[in-house]
Amino acid sequence: MKECSQRIAGDHAQWLVDVLLPQAEISAICQKKNCSSHVRRAVVTCFSAGCCGRHGNRPVRYCKRCHVNHHSSEVGASAETHLYQTSPPPINTRECGAEELVCTVEAVISLLKEAEIHAELREFELNRRRQMGLSSSHHSLDNMEFDNKEDDQHDQRLLSQFGIWFLVSLCTPSENTPTESLARLVSMVFQWFHSTAYMMDDEVGSLVEKLKPQFVTKWLKTVCDVRFDVMVMCLLPKPVEFARVGGYWDKSCSTVTQLKEGLNRILCLIPYNVISQPLWECFMPEWLEAIRTEVPDHQLKEFREVLSKMFDIELCPLPFSMEEMFGFISCRFSGYPASVQEQALLWLHVLSELDIVVPLQLLISMFSDGVNSLKELANQRRAGAADLSGSAGVRRVSVVSDPGRRGQHNNLSPFPSPFRSPLHCSPFKNLGHAAGNCALDLDCDDDDMNLGCFILMFDLVLKQMELQDEALTLGLESSLGRDVVGIINSVLQAPWGGSHTCQKDEKALECSLCQSSILCYHLACDLLQRLTPREETRLVEPSECLEESLVFPQTEFNLKSENGADKADAPSENPGSHNPSPEIPPLKNSADRKFLYLQLPVSLKLLYTVLQEMSNVEEPDILFNMLSCLKILCLHGECLYHARKDQPQFLAYIQEKMLIPRYHFIITANLP
């Protein structure tokens, strides 16, 4: 056969043309015989007859040295113009020009997009089975064929494998890598994680899955180390235009769908430790703000599943602690004004609406830092005002006193009715103090937003108590009870801000500040109810009369301040005007009748705060809620009963100076 072929080639050469045969396989090393190069990695494929004729009329692969020797040494008229294909140079080398850079990046993207076709077919089959009432488990599809060409399907899935090899070998990121090119690659890699998340658990699926820990996560870590800004850019809900690659960005879909799919894409990255804490703190606030401002109320529930998986405090899917998981929220309560705190509170509101648990101790710790920060900022502003005016100090009037005051008023309460539950009615979607505004005014000296933040704090604690089914009849002196009572007391002592615009005629309605004050005390009452038994406590100690069990004869006693000095019998500033440690005015000096406010249990501190604030209140609805708080503290929480045993001097003081005179005033004021 060979002799016949040679004879025909000699006799009828004019009728024969050499045909270039396909490559049996693509060699990774140089195919020249006796190659003397130290680096035999093949970089060029030659398709010219002169080279292919010596290799059975098949394209031949050369290393760099053999390529130069074969294709640069031929000169003269007999020189052949070789047609060869070179491997693209790494994108960060001098050999890589603008055209080669674009081709390399788009080649990687095209190969990785092949995995999307398989994912779309799988999702289509899942939807079909759901409509037919069949099992919709991803694992139930592992042995199913989407078409009859199983080999073609496998080849299609393996194409993304070449894209990964292409990526790690030629697209090593560096500080000099163009931002647009690197962002497109990173965004497509994120989409590839999403597309291959539920690949069939067969040989090909396992092969593709192994690429992630072996190559891709290392490549992404390098990107994070050298170009952290690009990583953050590609993880934002709305990245720049050139970073919108693959997946939902290539389709026409709604904003809600884009947000939901984007979060699912991030969720697919979490098991591989791609999401570090610095990244999380940069992009997660943007996601919660986008959900809060752009998702309608009736579609918010669509985000429950994905966000519940991200913020699962039991499984902890993220590679850092629970405190660090919520760190991007908690950091906005320490040292920041109400505008920043309100934004963090609204993010917590979104999570609570989706029934996502935030540990109560962590939540109350955030709020305590927030209230203390607002107190400190108010003190700093008052000190600055005192320095400017030359006065010794500036006294701030109680937030619920002097209802006839006039002044410019900002709308603090988002509620048409003061008793409407904020979490169930979702009124905070329309609050615009900090919505969508990245450049927050951290030097804002306006306290008018404080009360709105306090209302949100109380309501969020109530909602989380319901979700966690905690604090029910645990008592005021339990660990959690003390924390909750402490935050209530701290809020009532903080500056609320705002100005009254109430009219003193019979037809006038409460101003927004009064409505917000009513709501704040109402929520405080609800919190106390969650901590105490429903039924009023009965006295178990026998006594001839009720008065002897509680009331003491008038005696001389003294309340010591924090530094131990005796205080004169003079009216003190209202705790509502934010004294961190309010000083109770004592009666005449008596050396054996002294006690410290700071040594009182937190429930008695709250009792004193409410009683002292009542002397400045005239609005009936506010008074009603204050009295409801006192009722729960005294009749359900046994504050007076415990004070009789442990703090008798404090009990004697509030009876003579606050309880009995105040109740006498209320009764006589309503007599005809």
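Cross-link list Lys375/Lys657; Lys605/Lys645; Lys113/Lys221; Lys33/Lys210; Lys212/Lys309: which exceed 24 angstrom alpha carbon to alpha carbon?
Details: Lys375/Lys657 27 Å; Lys605/Lys645 16 Å; Lys113/Lys221 22 Å; Lys33/Lys210 36 Å; Lys212/Lys309 21 Å.
With Cα atoms farther than 24 Å apart: Lys375/Lys657; Lys33/Lys210.
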Worksheet, complete the sentence: Rounded to the nearest 0.05, FRET efficiency between Leu315 and Val68 (Cβ-Cβ, R0 60 Å) equals 0.55
Worksheet item: So between Arg128 and Gln299, what do we pick up on full extension, going 0.36 nm a residue minus the alpha carbon distance?
Response: 59.3 nm
Practice prompt. Give a residue-ordered list of calculated ³J(HN,Hα) values for region 244-259 (Karplus: 6.51 cos²θ - 1.76 cosθ + 1.60, θ = phi - 60°; whole Hz; x for Gly, Pro).
Written response: 8, 10, x, x, 5, 6, 8, 10, 8, 9, 6, 5, 4, 5, 4, 5
Discussion item. Please list Met325, Met449 from largest to smallest accessible area, probe radius 1.4 Å, with all protein chains kept in place.
Written reply: Met449, Met325
Worksheet item: Hey, can you rank 451-460, 521-530, 94-103 by average C-beta count inside 10 Å, highest first?
Response: 451-460, 521-530, 94-103
Worksheet entry | Nonlocal amide H pairs with Val43, under 5 Å, H built at 1.01 Å | Tyr62, Cys63, Lys64
Worksheet entry | For peptides 183-191, 294-302, 19-27, 616-624, sequence by mean Cβ density within 10 Å, most packed first | 183-191, 616-624, 294-302, 19-27
Practice prompt. Starting from the amide H of Leu596, placed 1.01 Å from N in the peptide plane, find each other amide H under 5 Å away whose residue is 5 or more places distant or on another chain.
Written response: Lys560
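Which FRET efficiency value, to the nearest 0.05, is calculated for Val256 and Asn616 with the Förster distance at 56 angstrom and r the Cβ-Cβ distance?
Plugging the Cβ-Cβ distance into 1/(1 + (r/R0)^6) gives 0.70.
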Worksheet entry | Ser27-Ser174 pseudo-label distance in nm [points 7 Å out on the Cα-to-Cβ vector] | 3.1
Practice prompt. With a ≥ b ≥ c taken as the square roots of the eigenvalues of the C-alpha gyration tensor of region 220-339, please select rounded if a/c is under 1.5 and otherwise prolate if a/b is larger than b/c or oblate if it is not?
Written response: rounded
Response to the item:
So, with points 7 Å from each Cα along the Cβ direction, the Asn379-Trp15 label distance in nm works out to 10.8
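The values are calculated or read from the model by the stated rules, or taken from the named source; none is laboratory data. Because the structure is predicted, anything quoted here is derived from the model rather than measured. All Cβ positions, even for glycine, are placed from backbone atoms using ideal geometry, and neighbour counts span all protein chains on display. Ligands, DNA and RNA are stripped out before the accessible areas are found, and what is left, the full protein with its side chains, is counted by its heavy atoms. Shrake-Rupley method; radii C 1.70, N 1.55, O 1.52, S 1.80 Å.
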